[in-house]
Amino acid sequence: MRIGVPKEIKNNENRVAMTPAGVMTLLSAGHEVFVERDAGEGSGFTNEEYTEAGATLVDTAKEAWNQEMVMKVKEPLPEEYDYFHEGLILFTYLHLAAEPELTKALIDNKVVGIAYETVQTARGTLPLLTPMSEVAGRMASQIGAQFLEKSRGGMGILLGGIPGVRRGKVTVIGGGVVGTNAAKIAMGLGADVTIVDLNPERMRELDDIFGSKINTIMSNPLNIAQELKDSDLVIGAVLIPGAKAPKLVTDEMVQEMMDGSVIVDVAIDQGGIFETTDRITTHDNPTYEKHGVLHYAVANMPGAVPRTSTIGLTNVTVPYALKLAKKGYKKACQDDEALLKGINTLNGYVTYEAVAEAHGLEYCDAHSLLNND
Ligand SMILES: NC(=O)C1=CN([C@@H]2O[C@H](COP(=O)(O)OP(=O)(O)OC[C@H]3O[C@@H](n4cnc5c(N)ncnc54)[C@H](O)[C@@H]3O)[C@@H](O)[C@H]2O)C=CC1
Ligand SMILES: CC(=O)C(=O)O
């Protein structure tokens, strides 16, 4: 199969969808890889490393996109929609529940859209989301701590406190991969940490992991409102796979938060869990203030640590790319339930129920479409 790897164009997105090691893996299985010149630069991979690995360097995005399968990191931006063509396999993060125009462009062009974030194993894990959630979760506490500094717009709190001065309070809403990693770093900084989740089993696991070093609280509007009132940093880390994020924190709850406190809404890529995170921010201009609270809503947080993130991401995506290239998407998805769940658009239909629901579009089962083809 001919596989294209365009350079990412989102603001400060320095990751790349394939390392030279990934190129070698695909080449040794008999495939061809076309990498846009300088695509790996932001992650520290030179053009020479790609050519030595056997990739063909191409000078334009158009050439990288004009292949049978395109591997990317971020969801395509409007200026990339013109590259879509019928039957193209697009393997990348898509976050379609929060992207009505992208969804329409994929359907109109009959693109086979396979979203990293909805590839899901029988155990319910999301193997192609997990490493980036680990990165974003760890970053969330680090970033929150920075923005609590007075010079960055916060109230001037040191999360770990000092002897004689109280520690900062961090509330993490959603105790999955992002939430657990955020809690680890916040704890490491010495903060007083509370995780709010809806799933009692998950809270038992968190209790086994952290013991009495953190508090776990059941997610409901009353508990969330109470926790937020005296929190210095609140991290949004809820996910309902493929669906638009539920708005668990109302505008009124944010109004009750302390002036100079900080919100980091990691779930912004699925629309965000705060009513007040009504816009996506960029690494260039990451925060805005509302009701006296600093809001951080960057949808590509791992893009800021591209070397770690690119290697972490491609460690898990390349084995799936290999299956898609070897068997073709039809057989690969028929043989692998996890990959089948990744198909969000196919033959002009939305094939992920939560995405169809988010946009009021017709849903068509991917399995039936593949079998009838
Ligand atoms: N902004 C960025 O750069 C990045 C964003 N993300 C996003 O972070 C979000 C979280 O991802 P993961 O931690 O991997 O998901 P996950 O599936 O591991 O965890 C989600 C957690 O939310 C909990 N939850 C569901 N409904 C809830 C509710 N009503 N109240 C409280 N908790 C609830 C679940 O029980 C689960 O523990 C996703 O939207 C993901 O796409 C991930 C990586 C980077
Ligand atoms: C998960 C995602 O969208 C990211 O890593 O940018």
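What tally of residues in the range 334-361 results from selecting those that are assigned to a helix (DSSP H, G or I) and either in contact (Cβ under 8 Å) with a residue 40 or more places away in the chain or in contact with a Phe, Trp or Tyr (Cβ under 7 Å, 6 or more places away or on another chain) (or both)? Of the residues in the range 334-361, 12 are assigned to a helix (DSSP H, G or I) and either in contact (Cβ under 8 Å) with a residue 40 or more places away in the chain or in contact with a Phe, Trp or Tyr (Cβ under 7 Å, 6 or more places away or on another chain) (or both). Of the strands (runs of 3 or more DSSP E) contained entirely in the range 198-292, those carrying at least 1 residues that are more than 19 Å from the chain's Cα centre (by Cα), within 11 Å of ligand 1 (Cβ to nearest atom) and surrounded by fewer than 14 Cβ atoms within 10 Å (Cβ to Cβ) fall at 214-218.
With the range 31-109 as the region, which strands (runs of 3 or more DSSP E) entirely inside it contain at least 2 residues that are in contact with a Lys or Arg (Cβ under 8 Å, 6 or more places away or on another chain) and touching a residue at least 12 places away in the same chain (Cβ under 8 Å)?
Numbers: elements: 32-36, 56-58, 69-71, 89-92.
Of the strands (runs of 3 or more DSSP E) lying wholly inside the range 31-109, those with at least 2 residues that are in contact with a Lys or Arg (Cβ under 8 Å, 6 or more places away or on another chain) and touching a residue at least 12 places away in the same chain (Cβ under 8 Å) span 32-36, 56-58, 89-92.
The residue pairs whose first member lies in the range 120-140 and is farther than 15 Å from residue 320 by Cα, whose second member is more than 10 Å from ligand 2 (Cβ to nearest atom) and not in a helix (DSSP H, G or I), and whose beta carbons are closer than 6 Å, counting only pairs six or more residues apart or on different chains, are 140/235; 140/264. Select from the range 146-180 the residues that are part of a loop (DSSP other than H, G, I, E, B) and either of a type in the set (A, V, I, L, M) or within 16 Å of ligand 1 (Cβ to nearest atom) (or both) and write down the one among them that is surrounded by the fewest Cβ atoms within 10 Å (Cβ to Cβ). Restricting to residues being part of a loop (DSSP other than H, G, I, E, B) and either of a type in the set (A, V, I, L, M) or within 16 Å of ligand 1 (Cβ to nearest atom) (or both), the top hit is 158. Just to be sure before I move on: is residue 124 more than 18 Å from the chain's Cα centre (by Cα) and not charged (D, E, K, R) in the structure I sent? Considered against the rule, which asks whether it is more than 18 Å from the chain's Cα centre (by Cα) and not charged (D, E, K, R), residue 124 comes out as no.
If you scan the range 173-201, which residues turn out to be acidic (Asp, Glu) and either under 18 Å from residue 159 (Cβ atoms) or not assigned by TED's automatic domain parsing to the domain that holds residue 239 (or both)? Break it down stepwise before answering.
Going residue by residue through the range 173-201, those that are acidic (Asp, Glu) are 192, 197, 201.
Within the range 173-201, 192 is the sole residue that qualifies.
Just one of the numbered conditions (1) surrounded by 22 or more Cβ atoms within 10 Å (Cβ to Cβ); (2) in a helix (DSSP H, G or I); (3) away from ligand 1 (no atom under 13 Å from the Cβ) is not true of residue 113: (2).
So which residues in the range 75-120 are more than 15 Å from ligand 2 (Cβ to nearest atom), of a type in the set (A, V, I, L, M, F, W, C) and touching a Leu at 6+ places or on another chain (Cβ under 8 Å), if there are any at all? The answer is 84, 89, 106, 107, 111, 112.
The values are calculated or read from the model by the stated rules, or taken from the named source; none is laboratory data. What you are looking at is a predicted structure, and each value in this text was computed from that prediction instead of being measured. Please note: Cβ atoms are built from the backbone with ideal geometry, for glycine as well, and neighbour counts cover all protein chains shown.
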